[in-house]
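Comments concern the structure below.
Please treat every number below as a calculation from the coordinates, not as lab data. Treat the numbers as computed from the prediction; the structure is a model and nothing was measured. Cβ sites come from the backbone with ideal geometry, for glycine too, and all protein chains shown count toward neighbours.
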C-alpha cells in the first residue's frame, strides 16, 4: 500500500512539474494599450489574442518557457484605439535592475535583452516573422537589444490582423520576461559596442604612424 501511495505521489509531482513548465502569459508591467487579452498553447505554438483600446504601450509577461525550445508566437490583434497604426515595435525585456542609458519606457525591474542572455525572437531558427498587414520589418538581435519593428502599411482603426514571430529562452534566469509593444514607435538604434574598440584601435594605429613620420 505504501508503495502505491509513493507511486501516486511521484506521479502527482511529475504532473505538477509538467504543468509548471507550460508557457503562461498575462498582462505585464507598463501595459496601457491592451484592454482585453487571452492566450492558448498548443505544442510549441502560443496564440495571443489582444484587443487594444488604449493609447500607449502594451505589455505581456511570459514565464514557463522550456529552455532552448523554439516557440512560434501568433498575435491576433484588434486595433480599437481610434487611431491608425503605421508601425509596431516589439521588444524583449528580461528581469533586471536596468542598465545605463536604457530607454525611459522600460518598466522598473526589467532591462533590455542582449545577445548573450539567451533570450531572443528565436534567433537563427528560421521561424517566420511576418504580419498580415505590415509589409516591412527591422530587426536587431546583436546591438544590446532584441526588437522587431513592423511597418510599411497603415493598420486602420477597427481592423483585426496578425503578427507572427519566434521566441526562445536558453536560460531560465530570464523569466519572467516582458514582450513590450509600442504602436507608432520605432526602436532607437543602439551603437554596436564592438565599434568603440575598432575606433580606438584605428586611432592607435594613426598615432603610431604619425610618431614614425615625425621621427623620420
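Take the alpha carbon gyration tensor of the stretch 147-189, find the square roots of its eigenvalues, order them as a ≥ b ≥ c, and report rounded if a/c is under 1.5; if not, report prolate when a/b exceeds b/c, else oblate. It is prolate, given that a/c is not under 1.5 and a/b is the larger ratio. Footprinting exposure proxy ranking of 120, 173, fewest other C-beta atoms within 10 angstrom first, gives 173, 120.
Please compute the volume of the convex hull spanned by the alpha-carbon atoms of the stretch 21-196 and report it per residue in Å³. Walk me through the numbers before you get to the answer.
Numbers: hull volume 18.9 nm³, N = 176.
Per-residue hull volume (Cα only) is 107 Å³.
Taking a ≥ b ≥ c as the square roots of the eigenvalues of the Cα gyration tensor, the stretch 84-125 is oblate, since a/c reaches 1.5 or more and a/b is not larger than b/c.
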